[in-house]
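First comes the structure, then the notes that go with it.
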Amino acid sequence: MAQAELIPHLFRTEFRKITAVLCKVFGIEHLEVAEDIASETFLSAMETWTYKGIPENPTAWLYLVAKNKAKNYFQRNHLFAAKIASQVKYTASGSEEPDIDLSDKNITDSQLQMIFAICHPGISKEAQIGLALRILCGFGITEIANAFLTNKEIINKRLFRAKEKLREEKVQMEFPGETEIKKRLDTVLTTLYLLFNEGYYSESQDVVLREDFCLEAMRLTYLLLENPSTNTPEVNALFALMCFHASRFEARRNENGEIILYQDQDESRWNETLIAKGAWFLHEASGGEKLSRYHLEATIAYWNTQKQDTPEKWESILQLYNRLLQICYSPVAALNRTYALAKANGKEVAIAEAEKLQLTDNHYYFVLLGELYTDIDNTRAVTHLQKALLLAKTEADKRTIQKKMARLKAV
């Protein structure tokens, strides 16, 4: 891999690891110091590798440089040593320098501890996702701003406030006890769920799917599965849901980046390996007593990977949505239920239910109405699609809607 490609790739995979480990050493109240040292490490790589070439083991080189920079920081910053170093937990008792352990196990442990730290209940959901994208996924500020359809200044302020909250609350970089895990795990799963959705229903960078966001959410969820204390039925259900959705990545958009609706997807492009993996984790999720939203959504996603368009399939999906709306109502779930209702009981019934929702600020609402009215009243279908076009945020979505309108007008 050429340097121009290697350094961005390593930044995405290693920045988060270095930052998490250094945070564990310094304390999360010094998150900026950890980020600065990690950033300086990659700057050194750019400067050194340009002239001396890429080292034989680039990752090991980065880890060694990060360790040395962290130790140099301790040595030169007398204020830190005098006022704060006593609060830092060194691995070697009495050592003047911290033990910076960049082993695989400590990296994994540090990232898990960081997940629970940034999902503190005092931090807003948007800030939690922002911190997760920045610290745990290695995304740049510009990328995060694009994901939230805002500017870098707002993201910087949001992250600054979140970091201040971590300091004020004296949040520790440690794995919570069993009782605290139960209290915080719901927040952690919500953050990972929202992170996945940020990629799966992307309206950033003018694309309809950001696989990098989805894959990062899956990676972090899998870290929870690997730890016995967090390998719960809910975590298995969430991972199953992600697998089922990820199985349709390749079929969900065309060569122009436009979204392909479920009914128009080429089933041969669905990833059977991921479907099988999702089914396995969904089975693992069945052992608990609690029925979570992730169980229901994963089961719906499972039915959507079944190729046969049968009455049983859509009746099952409809009943699952009915249950989901009872325990966790959301406009998106209500909208999706309406599509299942159309497949199970006919378009006329679904139109009546859809129009009750009045989700007039959501372009998917009007796309659905356009689909439901197609072949019943094509003029009204076009009218709804025109409204969807005005609300659509990405060029890819707009092109998809325009093509549907053109086909209807040609009839």
Please compute the per residue accessible area over the chain with all protein chains in place, 1.4 Å probe, rounded to a whole number of Å².
48
Cα to Cα, under 21 Å, and not fewer than 8 places away if on the same chain: which lysines meet these conditions relative to LYS313?
LYS277, LYS343, LYS347
What are the ³J(HN,Hα) values, in whole Hz, obtained from phi via the Karplus relation 6.51 cos²θ - 1.76 cosθ + 1.60 with θ = phi - 60°, for each residue of region 210-216 in sequence order, with x given for Gly and Pro?
10, 4, 4, 4, 4, 5, 5
If one computes P(r) from the Cα atoms of region 305-353, what percent of pairs lie at distances over 17 Å?
31
What value, in deg cm²/dmol to 500, does the helix sum -39500 (n - 2.57) over DSSP H runs of n ≥ 4 give at 222 nm once divided by the residues of the chain?
-22000 deg cm²/dmol
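Which FRET efficiency value, to the nearest 0.05, do you get for ASN362 and PHE160 by plugging their Cβ-Cβ distance into 1/(1 + (r/R0)^6) with R0 = 25 Å?
Efficiency for this residue pair is about 0.20.
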In terms of Cα to Cα distance under 20 Å, which lysines are near enough to LYS125, apart from those fewer than 8 places away along the same chain?
LYS152, LYS157, LYS163, LYS165, LYS170, LYS182, LYS183
Treating every alpha carbon of region 103-231 as one equal point scatterer without solvent, the Debye formula yields log10 I(q)/I(0) values at q = 0.12 Å⁻¹ of -0.43
At 0.36 nm per residue, and after removing the present C-alpha to C-alpha distance, how many nm does the segment from LYS183 to GLU312 gain when stretched out fully?
42.7 nm
Cα-only radius of gyration and Dmax that characterise region 347-394, units Å:
10.0, 31
Pull up the cross-link candidates among the aspartates and glutamates for LYS71, meaning alpha carbon to alpha carbon under 13 Å and not fewer than 8 places away within one chain.
GLU96, GLU97, ASP99, ASP101
Among SER110, HIS30, LEU62, pick out the residue whose Cα is farthest towards the positive end of the charge dipole of the chain, where Lys and Arg carry +1 and Asp and Glu carry -1 on C-beta, about the Cα centre.
HIS30
For ARG167 and GLU272 in the same chain, what is the full-extension length gain: residue separation times 0.36 nm, less their Cα-Cα distance, in nm?
33.2 nm
Sites ILE54 and ASN378 - FRET efficiency at Förster radius 45 Å, r taken between beta-carbons, to 0.05
0.15
Would you mind telling me the share, in percent, of accessible area of the chain contributed by carbon and sulfur at probe 1.4 angstrom?
51
In a solvent-free Debye calculation with one equal scatterer on each Cα, what is log10 I(q)/I(0) for region 215-290 at q = 0.14, 0.15, 0.25 Å⁻¹, listed in the order of the q values?
-0.51, -0.57, -1.08
Each residue of region 127-142 in order: what ³J(HN,Hα) in whole Hz does its phi give by Karplus 6.51 cos²θ - 1.76 cosθ + 1.60, θ = phi - 60°, with x for Gly and Pro?
5, 4, 5, x, 5, 4, 4, 6, 8, 8, 10, x, 7, x, 4, 4
Looking only at PHE74, PHE26, PHE139, which one moves most when the chain is put into a Gaussian network model with springs between Cα atoms under 10 Å?
PHE74
Please report, to two decimal places, log10 I(q)/I(0) for region 281-411 at q = 0.14, 0.16, 0.17 Å⁻¹ as given by the Debye formula with identical point scatterers on the Cα atoms and no solvent.
-0.70, -0.87, -0.96
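Dividing the alpha-carbon Rg of the chain by 2.2 N^0.38 Å yields what?
Numbers: Rg = 24.0 Å, N = 411, 2.2 N^0.38 = 21.7 Å.
Against the compact-globule rule of thumb, the ratio is 1.11.
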Roughly how many Å is it from the Cα centre of region 1-66 to that of region 243-276, as a whole number?
35
Charged-residue dipole, Cβ positions (Lys, Arg, Asp, Glu), the chain about Cα centre, Debye nearest 20
640
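The values are calculated or read from the model by the stated rules, or taken from the named source; none is laboratory data. Keep in mind that this is a model prediction, so the values were computed, not measured. Reconstructed Cβ throughout: ideal geometry from the backbone, glycine too, with neighbour counts over all protein chains shown. These area figures cover heavy atoms from the full protein model, side chains too; ligands, DNA and RNA do not enter into them. Shrake-Rupley method; radii C 1.70, N 1.55, O 1.52, S 1.80 Å.
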